[in-house]
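The values are calculated or read from the model by the stated rules, or taken from the named source; none is laboratory data. What you are looking at is a predicted structure, and each value in this text was computed from that prediction instead of being measured. Positions of Cβ are generated from backbone atoms using ideal geometry, with glycine treated the same way; all protein chains shown enter the neighbour counts.
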C-alpha cells in the first residue's frame, strides 16, 4: 500500500499542470456555465412552456448530458489516458520509473487509478455544478421552479452510471497509449470507436453492449427511458453494458500490466 500511495502522489505531481488534469475541473465548469447562460438568456421562451419542476430539471440535466455524455466524455477519456502515459513516453522514463525501489504493480496501478480518479472528479463536478447552477438560475430567474424538485438522487445515479460506463473505454485507450507513444494512433482509434459506439448505441443494435465506446450512449438512452416510470430516478445501475464495461476494465488492466512490465526491461 505504501508503494501505491507514493506512486499515486508522484502521478499527481507529474500531471498537476497538464491539460488533462485541469480539463477534469474546467470542462464541467464551462459546459454547465454555458448551458446555464442559455437557460438564463432564453428564460422567456422556457417559462412560456410552463414546465413542471421535474421536467424543467430533466431539460436542464439533459442539455448537459447530451453534450458531455455522448461526445465530450469519451474524447476526454481518450485524451486523458494518453496524457497519463505520455509523460513517460515523452521523457523516455519507463525504465527509470521501474528502476525505483517500488513494487512494479503499484507503479502501474497508480497510473491507472489516477486516470480513474480524474474521470471520477470530472463527472462528480458535472453533477455538482449542474445542481448548483440550477439553483443559481432559480435565484436569478425567480419564476423558474427548480426549487420544486430535488434532483440529487437522479444526478448521482446518472453520473455514477456514466462513470462505470467509461471504464471500458479508459482501459482500451490506456493500453493503446502504452503501446504507442504518438498521439495520432490512440486518438484515431478512439475517434473511430466513439463514432461506431454512438451509432450502435443510438440505433439500438442488440450487440452494442459489446462495444465499450457505445456504453455511454446506451446508458443515456436506457436511463432516459425511465421517464415512463413513476419514479424517474428508479433505474438500475448494474445493467448489461455496465457489467460488460467492468469486465473489460478488469481484463484489460491485467493485460496492460504485462505490456508495461515488458517495457521496463527494454
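Does residue 39 count as over 24 Å from residue 253 (Cα atoms) and in contact with a helix residue (DSSP H, G or I) (Cβ under 9 Å, 6 or more places away or on another chain)?
Here the answer is yes, as residue 39 does meet what is asked.
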Against the definition (in a loop (DSSP other than H, G, I, E, B) and either on the phi > 0 side of the Ramachandran plot or more than 14 Å from the chain's Cα centre (by Cα) (or both)), how does residue 181 come out, yes or no? yes
Checked segment 194-214 for anything closer than 15 Å to residue 77 by Cα and buried (at least 20 other Cβ atoms within 10 Å of the Cβ); matches are 194, 197, 212, 213, 214
Listed by first then second residue, the pairs whose first member lies in segment 128-156 and is touching a residue at least 12 places away in the same chain (Cβ under 8 Å) and at negative phi, whose partner is surrounded by 13 or more Cβ atoms within 10 Å (Cβ to Cβ) and not in a helix (DSSP H, G or I), with beta carbons under 8 Å and at least 6 positions apart or on separate chains, are 130/151; 131/151; 134/151; 137/144; 145/51; 153/233; 154/232; 154/233
Among the residues of segment 26-40, are any closer than 30 Å to residue 107 by Cα, surrounded by fewer than 16 Cβ atoms within 10 Å (Cβ to Cβ) and modelled with pLDDT of 90 or more? yes
Of 20, 81, 24, 63, the only residue that is touching a residue at least 12 places away in the same chain (Cβ under 8 Å), over 30 Å from residue 259 (Cα atoms) and in a helix (DSSP H, G or I) is 63
Which of (1) surrounded by 14 or more Cβ atoms within 10 Å (Cβ to Cβ); (2) out of contact with any helix residue (DSSP H, G or I) (no Cβ under 7 Å at 6 or more places or on another chain) is the odd one out, the single condition residue 102 does not satisfy? (2)
Residue 95 fails exactly one of the following numbered conditions: (1) crowded, with 16+ Cβ neighbours inside 10 Å; (2) modelled with pLDDT under 80; (3) closer than 16 Å to residue 111 by Cβ. What is the number of that condition? (1)
Any chance residue 118 is part of a helix (DSSP H, G or I) and surrounded by fewer than 20 Cβ atoms within 10 Å (Cβ to Cβ): no
Take residue 89 and tell me if it is part of a helix (DSSP H, G or I) and crowded, with 17+ Cβ neighbours inside 10 Å. yes
Here are 164, 178: which of them is closer than 24 Å to residue 109 by Cβ, touching a helix residue (DSSP H, G or I) at 6+ places or on another chain (Cβ under 7 Å) and either surrounded by fewer than 16 Cβ atoms within 10 Å (Cβ to Cβ) or modelled with pLDDT of 90 or more (or both)? 164
